[in-house]
Amino acid sequence: MTVAIDQPSDDQKRVIGILKNQINAMDSQISKIDDKKELSVKLSNGKTKTVTGAEVKKLWSALKIQIDDPANANYPNGSGRGASTDKNGVTHFNVKTVSEYLPSTNQSDYNNQLAQYLVLHELAHNTAAGKAENRWQSSHGTLDENDSYPASEKLANSIAKAIEKEAGLTPIPDPRYGYDESYTSFSDGVSDGSPDSSPSPADRPRSNNVDRSHHTDIP
């Protein structure tokens, strides 16, 4: 994890430490997920995509996170809060957003859960299913008051919850946008572990599509 802040405050150091510690703690848990586990995710276009244990582990192993100073938090999605991925594959968090997720008034155990959720929610946006949903929403969806597509955020929440359950972690009970409980549990699969990620013509991104997935679903 990279911290792009010259002189972080004491509170910024606190939340950065929580995030870093939980990423390290999750590493061994996620590595134990069976490659062949499958999660069938319902998309808004009526189709279904499969998230596999192998895809989750591949995304996790390639995960690169940068914590940014609010003054430099200008992201392609138009949000100052963060971005699931940039052109270099880096997931960005504005440290102000992280502080809002992890207030010092919370009990430490709950902040640990929130930190886990925060990271896995963004990883979920980067699955083939998460990207397909965002492409469809970019063409057909309506942004809400948080400049987010609610269906994309709910889908990412649900995939994140499934990952947490499979990894033996404890999901938070009530994130903004909620969960679709019809796909919050992996099942034993028979595929080769590769995600079903071939987009149909309707799913392929238009040239003016913008990835709006970002950190807006603070519980």
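Here is a check on your reading of the model: is ARG206 farther than 26 Å from ILE23 by Cβ and either modelled with pLDDT of 55 or more or not in a loop (DSSP other than H, G, I, E, B) (or both)?
Values: farther than 26 Å from ILE23 by Cβ: yes; either modelled with pLDDT of 55 or more or not in a loop (DSSP other than H, G, I, E, B) (or both): no.
No, not satisfied.
Per-residue answers, yes or no, for (1) more than 17 Å from the chain's Cα centre (by Cα); (2) at pLDDT 95 or above:
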site: THR2; (1), (2): yes, no
site: ASP6; (1), (2): yes, no
site: ASP10; (1), (2): yes, yes
site: MET26; (1), (2): no, yes
site: VAL51; (1), (2): no, yes
site: GLU55; (1), (2): no, yes
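Within region 35-53, can one find any residue that is closer than 17 Å to LEU102 by Cβ and outside any loop (DSSP other than H, G, I, E, B)?
Within region 35-53, none of the residues are closer than 17 Å to LEU102 by Cβ and outside any loop (DSSP other than H, G, I, E, B).
In region 136-143, is there at least one residue being touching a helix residue (DSSP H, G or I) at 6+ places or on another chain (Cβ under 7 Å), of a type outside the set (Phe, Trp, Tyr) and loosely packed, with under 14 Cβ neighbours inside 10 Å?
Within region 136-143, not a single residue is touching a helix residue (DSSP H, G or I) at 6+ places or on another chain (Cβ under 7 Å), of a type outside the set (Phe, Trp, Tyr) and loosely packed, with under 14 Cβ neighbours inside 10 Å.
Only one of these conditions is not met by GLN116: (1) among the polar types (S, T, N, Q); (2) open to solvent by 40 Å² or more (accessible area, probe 1.4 Å); (3) at pLDDT 95 or above. Which number is it?
Here GLN116 meets the rest and fails (2).
Condition test on LEU63, is it open to solvent by 30 Å² or more (accessible area, probe 1.4 Å) and more than 18 Å from LYS20 (Cβ to Cβ)?
Against the criterion (open to solvent by 30 Å² or more (accessible area, probe 1.4 Å) and more than 18 Å from LYS20 (Cβ to Cβ)), LEU63 does not qualify.
Given the residues LEU19, LEU43, which is the only one that is out of contact with any strand residue (DSSP E or B) (no Cβ under 7 Å at 6 or more places or on another chain) and either open to solvent by less than 30 Å² (accessible area, probe 1.4 Å) or modelled with pLDDT under 95 (or both)?
Of LEU19, LEU43, the one residue that is out of contact with any strand residue (DSSP E or B) (no Cβ under 7 Å at 6 or more places or on another chain) and either open to solvent by less than 30 Å² (accessible area, probe 1.4 Å) or modelled with pLDDT under 95 (or both) is LEU19.
Can you find even one residue in region 182-194 that is under 25 Å from ALA62 (Cα atoms), assigned to a strand (DSSP E or B), in contact with a Leu (Cβ under 9 Å, 6 or more places away or on another chain) and open to solvent by 20 Å² or more (accessible area, probe 1.4 Å)?
The answer is yes, given that some residue of region 182-194 is under 25 Å from ALA62 (Cα atoms), assigned to a strand (DSSP E or B), in contact with a Leu (Cβ under 9 Å, 6 or more places away or on another chain) and open to solvent by 20 Å² or more (accessible area, probe 1.4 Å).
Looking only at helices (runs of 4 or more DSSP H) that fall completely inside region 94-156, which ones have 2 or more residues that are closer than 25 Å to ALA71 by Cα and among the hydroxyl-bearing types (Ser, Thr, Tyr)? Before the answer, list the steps.
Numbers: elements: 95-101, 108-125, 128-140.
In region 94-156, the matching helices (runs of 4 or more DSSP H) lie at 95-101.
Only residues that are open to solvent by 60 Å² or more (accessible area, probe 1.4 Å), under 20 Å from GLY17 (Cα atoms) and either at pLDDT 85 or above or out of contact with any strand residue (DSSP E or B) (no Cβ under 7 Å at 6 or more places or on another chain) (or both): list them for region 66-101, please.
The answer is LYS96, GLU100.
Looking at ILE218, ILE159, ILE172, which is the one that is modelled with pLDDT under 95 and of a type in the set (Val, Ile, Thr)? Walk me through how you get there before you give the answer.
Details: ILE159 fails: modelled with pLDDT under 95; ILE172 fails: modelled with pLDDT under 95.
Unique residue meeting the criteria: ILE218.
Just to be sure before I move on: is LYS165 in contact with a Phe, Trp or Tyr (Cβ under 6 Å, 6 or more places away or on another chain), at pLDDT 95 or above, open to solvent by 50 Å² or more (accessible area, probe 1.4 Å) and part of a helix (DSSP H, G or I) in the structure I sent?
It is false that LYS165 is in contact with a Phe, Trp or Tyr (Cβ under 6 Å, 6 or more places away or on another chain), at pLDDT 95 or above, open to solvent by 50 Å² or more (accessible area, probe 1.4 Å) and part of a helix (DSSP H, G or I).
Quickly run through region 90-138 and pick out the residues that are touching an Asp or Glu at 6+ places or on another chain (Cβ under 9 Å) and among the hydroxyl-bearing types (Ser, Thr, Tyr).
Of everything in region 90-138, those that are touching an Asp or Glu at 6+ places or on another chain (Cβ under 9 Å) and among the hydroxyl-bearing types (Ser, Thr, Tyr) turn out to be THR91, SER99, SER104, TYR117, THR127, SER138.
The values are calculated or read from the model by the stated rules, or taken from the named source; none is laboratory data. Bear in mind that the values here come from a model prediction, so they are computed numbers and not experimental data. Neighbour counts run over all protein chains shown; Cβ positions are idealised from the backbone, glycine included. With ligands, DNA and RNA removed, areas are computed over all heavy atoms of the protein, side chains included. Shrake-Rupley method; radii C 1.70, N 1.55, O 1.52, S 1.80 Å.
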